[in-house]
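Engineer: Have a look at this one before I ask anything.
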Amino acid sequence: MFRHSLLGLALVICIGGLTTAAVAASADDFKAAYAKAEAAEKQATALKNQWTTTEAELKAAQAAAKSGNYDEAVKRAQHAEALANASIAQAKEQATAWTQAVIR
Amino acid sequence: MHRAVLFALALLGLAAQPVFAADSVNPQADFKAFRDYFTKRFPKVPLNDFVNGPYSMNADLRKQWVEIDAFPPYQFALDKGREMFETPFKNGKTYADCFPNKGIGIRQNYPYFDTKSGEVITLDVALNECRQTNGEAPYDYTKDDMAALTAYMAFTSRGKLFDIKIPDDPRALAAYRKGEEYFYTRRGQLNFSCASCHVQSAGNHIRTEVLAPALGLVAALPIYRSEWGGMGTTSRRFITCNSQVRAVPLQAEDEFYRDVEYYLSYMSNGLPISGPGARP
């Protein structure tokens, strides 16, 4: 019983270690995530609807990558992409929705 | 069958959406509706008092303002603006040579639609055009020099009524429409439009501030803001508004900013210039 428990614990530690190694982000992961965020922000720029928070997240992603913290860099880039996509959706929705707020 | 009926009703509902808005541009009708909205919502505020922004909405703020105005915080800018206005350029000419009535008492006619360039020209842009025509470098649209010059020109126009014209030119109507669109469009992560604060929430508090009504909003510009610890131009006001809702601001005097000033000034036609103003 005790031997089984030890084996189980060892297995959990091994899997845990492997998993951690598998999800640690690389410079390439950052580049891919940042490219997607940048492409989305480019669309927001074309719509004249950038958010300051998107810009801040893009900068934070770059800073994290520069310091070698790719986990953080990917996380920030993904957040920037989500914010940029939300600003695009806002601009597209508001392209017609603004008329409903006009004083009549 | 029941579903089909619901679907048909839903389609009818969609069809009944306000298609009126996108179909036509009618500044006169907009003006009347805008004026009626604010005067009915704030029936105790005299029409000309709307130009005093938050002071027309809140008695306590008004008391403070009356006391502050005994020694107006924009006085330094006013004095500087007058000196700048009267000082000749290197070529010997002055600002007075660029403007009707030698630049005195003309604030109420700006912005105007320039049929030659097909663009809205604000007073700030006209001042920089004057400078460049006379071989001088343009001023930054957000900084103190421009604020001082426009403060002086507004001061010489105090009490004169906004008289913004929309010429019979489809480009002028398009500029007006773009200004209206910018004013009502939600932007930034906070999802606010200019109207969110200055129409729907006019008179309400946002933190410690009382939001000014859109009617007469531009009449007090440029303004001294205690929050800024200095003077601010129209561009600075728009840029700050955008930043506050977490939207990346446009360039100062961007076409959209000029158009929204055109729209708001037209909506304030008939109201007196009160600038330069002082705000918390």
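Engineer: For B:PRO272, state whether it is more than 19 Å from A:ALA101 (Cα to Cα) and touching a residue at least 12 places away in the same chain (Cβ under 8 Å).
Structural biologist: Yes.
Engineer: Just to check your reading of the model, which residue among A:ALA32, A:ALA61, A:ALA73 is under 23 Å from B:PRO249 (Cα atoms) and either at pLDDT 95 or above or surrounded by 12 or more Cβ atoms within 10 Å (Cβ to Cβ) (or both)?
Structural biologist: So the residue among A:ALA32, A:ALA61, A:ALA73 that is under 23 Å from B:PRO249 (Cα atoms) and either at pLDDT 95 or above or surrounded by 12 or more Cβ atoms within 10 Å (Cβ to Cβ) (or both) is A:ALA61.
Engineer: While we're here: Return the residue satisfying two criteria in turn: it lies in segment B:189-213 and is aliphatic (A, V, I, L, M) and touching a residue at least 60 places away in the same chain (Cβ under 8 Å), and of such residues it is farthest from B:VAL260 (Cα to Cα).
Structural biologist: Once the filter is applied, the top-ranked residue is B:VAL210.
Engineer: Moving to a separate point now. Answer yes if at least one residue in segment B:132-139 is closer than 25 Å to B:GLY229 by Cα and over 21 Å from the mean Cα position of the chain (by Cα), and no otherwise.
Structural biologist: yes
Engineer: Condition first: assigned to a helix (DSSP H, G or I) and either more than 9 Å from chain A (Cβ to nearest Cβ) or crowded, with 22+ Cβ neighbours inside 10 Å (or both). Now tell me which residues in segment B:184-200 satisfy that.
Structural biologist: B:TYR184, B:CYS194, B:CYS197, B:HIS198, B:VAL199
Rundown of residues vs (1) part of a helix (DSSP H, G or I); (2) surrounded by fewer than 24 Cβ atoms within 10 Å (Cβ to Cβ); (3) under 12 Å from the mean Cα position of the chain (by Cα); (4) within 14 Å of another protein chain (Cβ to nearest Cβ), yes/no style:
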| residue | (1), (2), (3), (4) |
| --- | --- |
| B:GLY203 | no, yes, no, no |
| B:ALA212 | no, yes, yes, no |
| B:LEU215 | no, no, yes, yes |
| B:VAL218 | yes, no, yes, no |
| B:GLY270 | no, yes, no, no |
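Engineer: Still on this structure: Is it the case, given these coordinates, that B:CYS241 is in contact with a Phe, Trp or Tyr (Cβ under 7 Å, 6 or more places away or on another chain), modelled with pLDDT of 95 or more and hydrophobic (A, V, I, L, M, F, W, C)?
Structural biologist: No.
Engineer: Name, by its number, the condition in (1) within 14 Å of chain A (Cβ to nearest Cβ); (2) crowded, with 22+ Cβ neighbours inside 10 Å that does not hold for B:SER235.
Structural biologist: Every listed condition holds for B:SER235 apart from (1).
Engineer: Kindly check whether there is at least one residue in segment B:124-131 that is over 15 Å from the mean Cα position of the chain (by Cα), within 14 Å of chain A (Cβ to nearest Cβ) and surrounded by 15 or more Cβ atoms within 10 Å (Cβ to Cβ).
Structural biologist: No: segment B:124-131 contains no residue that is over 15 Å from the mean Cα position of the chain (by Cα), within 14 Å of chain A (Cβ to nearest Cβ) and surrounded by 15 or more Cβ atoms within 10 Å (Cβ to Cβ).
Engineer: Select from segment A:36-50 the residues that are among the basic types (Lys, Arg) and surrounded by 15 or more Cβ atoms within 10 Å (Cβ to Cβ) and list them in ascending order.
Structural biologist: A:LYS36, A:LYS48
Engineer: One residue is enough: does segment B:163-182 have a residue meeting the conditions touching a Pro at 6+ places or on another chain (Cβ under 6 Å), assigned to a helix (DSSP H, G or I) and not polar (S, T, N, Q)?
Structural biologist: Yes: one or more hits.
Engineer: So which residues in segment A:66-104 are of a type in the set (S, T, N, Q) and either in contact (Cβ under 8 Å) with a residue 12 or more places away in the chain or facing another protein chain (nearest Cβ under 8 Å) (or both), if there are any at all?
Structural biologist: A:GLN78, A:ASN85, A:SER87, A:GLN90, A:GLN94, A:THR96, A:THR99, A:GLN100
The values are calculated or read from the model by the stated rules, or taken from the named source; none is laboratory data. Predicted model, so just to flag it, every value in this text is computed and none were measured. A quick note on method: Cβ atoms are made from the backbone with ideal geometry, for glycine too, and the neighbour counts reach across all protein chains shown.
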